Amino acid sequence: MTQDELKQAVARAAIEYVPSGEIIGVGTGSTANFFIDELGKIKDRIKGAVASSEATAARLKSHGIPVFDLNDVDSMSVYIDGADEIDPKGAMIKGGGAALTREKIVASVANKFVCIADGSKLVDVLGAFPLPVEVIPMAQAAVARKLKTFGGEPRLRMKDGQPLLTDNGCMILDVVGLKITDPAGLEAQINNIPGVVTVGLFAQRGADVGLLGTAEGVKKLT
Ligand code: 5RP
């Protein structure tokens with residue numbers, strides 16, 4: 001099976017976690033896109049969705065799924081999203097698609113985080129994937145200096161020769177070379193640096209359910 005077929009299989013399996021008649025939270029990225037396509041097939045069963053990015057909002061709308069502003073939603077039973085890495089305890093690195101801040105916000109309102117990923121995303125120790133950190137533009141150099149003290153090498157994410165700007169008008173530093181043995185501790189430390197909007201570590205609140213697409217079928221991690 002190709003990686004895309006594994007993503008599609010896990011996206012299909014996640015439909016089981018979609019409660020009828022409710023608003024759900026939806027993540028960003030290629031796996032989330034497969035999930036949105038599956039959601040489109042059962043859209044009459046749900047009330048709508050809260051999107052974690054402009055791209056996800058556009059894809060949801062293209063399927064005729066009503067998109068709600070998070071400010072109009074008090075609670076959600078489930079948030080479904082992909083990950084760049086996930087460890088056996090459900091701690092994740094996210095933000096490869098630059099949507100980490102809105103992903104963390106929408107996930108924080110949901111009772112359950114269902115992570116959907118192909119099996120290659122499962123790692124023993126997080127950090128081989130560069131850790132995204134969203135920063136206020138004026139603070140990017142200062143934050144980069146602080147991030148170096150954690151042992152990694154921060155690189156400003158670029159697009160078309162310019163610093164990439166997120167949906168929030170901020171920049172991303174991708175930190176390479178980290179071996180993250182205490183994900184929740186590092187999440188707290190990085191979030192504490194002035195100028196950091198969000199770190200792409202989802203460990204203090206990790207995945208409640210991890211679904212992994214493998215050649216032997218969809219496996220449940222947690
Ligand atoms: C976007 C994310 C994505 O969930 C993550 O990058 C995984 O993406 P994909 O499903 O394309 O592998 O965090 O900000």
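Coordinate-derived values only; no laboratory data. This is a predicted model, so every value here is computed, not measured. No Cβ is skipped: glycine too gets one built from the backbone with ideal geometry, and neighbour counts run over all protein chains shown.
The table for this structure:
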{"read-out": "Amide H within-cut-off set for residue 76, under 5 Å, with H built and near neighbours excluded", "value": "111"}
{"read-out": "Choice from 107, 13, 188 showing the highest fluctuation, given a GNM over the chain with Cα pairs closer than 10 Å", "value": "188"}
{"read-out": "In order through region 14-25: 3J(HN,Hα) via Karplus (6.51 cos²θ - 1.76 cosθ + 1.60), integer Hz, x for Gly, Pro", "value": "5, 4, 4, 8, 8, x, 6, x, 10, 9, 10, x"}
{"read-out": "Proximal lysines to residue 47, defined as alpha-carbon separation beneath 21 angstrom and excluding residues fewer than eight positions away on the same chain", "value": "61, 112"}
{"read-out": "Region 1-150, Rg to Rh (Cα coordinates; Rh as Kirkwood inverse mean 1/r)", "value": "0.99"}
{"read-out": "Calculated FRET efficiency for the pair residue 219/residue 58, C-beta based, R₀ 25 Å, to 0.05", "value": "0.20"}
{"read-out": "With 10 Å bins from 0: P(r) over region 22-68, alpha-carbon pairs, percent", "value": "32, 64, 4"}
{"read-out": "Computed helical MRE - 222 nm, the chain, DSSP H runs ≥ 4 contributing -39500 (n - 2.57), nearest 500", "value": "-8000 deg cm²/dmol"}
{"read-out": "Separation between Cα centres of region 88-163 and region 194-221, rounded to whole Å", "value": "11 Å"}
{"read-out": "Cα pair distances exceeding 21 angstrom across region 5-91, given as percent", "value": "23 percent"}
{"read-out": "Relative contact order of region 95-222, pairs being alpha-carbon contacts under 8 Å that are 6 or more residues apart, as %", "value": "36 percent"}
{"read-out": "Residue-span extension gain [residue 168 to residue 3] - 0.36 nm each, minus C-alpha spacing", "value": "56.4 nm"}
{"read-out": "Listed residues 48, 40, 64, most fluctuating in the chain (Gaussian network, C-alpha, under 10 Å)", "value": "64"}
{"read-out": "Share antiparallel - DSSP beta bridges, the chain, percent rounded to 5", "value": "55 percent"}
{"read-out": "Sequence-separation-based contact order of the chain, relative, with Cα cut under 8 Å and 6+ spacing, percent", "value": "23 percent"}
{"read-out": "Low-density loop cleavage sites - GluC sites (Glu not before Pro) in region 128-222, where at most 10 other Cβ are within 10 Å (DSSP)", "value": "216"}
{"read-out": "Charged-residue dipole, Cβ positions (Lys, Arg, Asp, Glu), region 80-132 about Cα centre, Debye nearest 20", "value": "220 debye"}
{"read-out": "Volume per residue of the C-alpha convex hull in region 61-147, rounded to whole Å³", "value": "145 Å³"}
{"read-out": "Extension reserve of the residue 150-residue 138 stretch, reckoned as 0.36 nm per residue once the Cα distance is removed", "value": "2.2 nm"}
{"read-out": "Compactness relative to 2.2 N^0.38 Å, alpha carbon Rg of region 68-222", "value": "1.03"}
{"read-out": "Rounded FRET efficiency, nearest 0.05, which uses the C-beta distance separating residue 22 from residue 191 and R0 of 25 Å", "value": "0.25"}
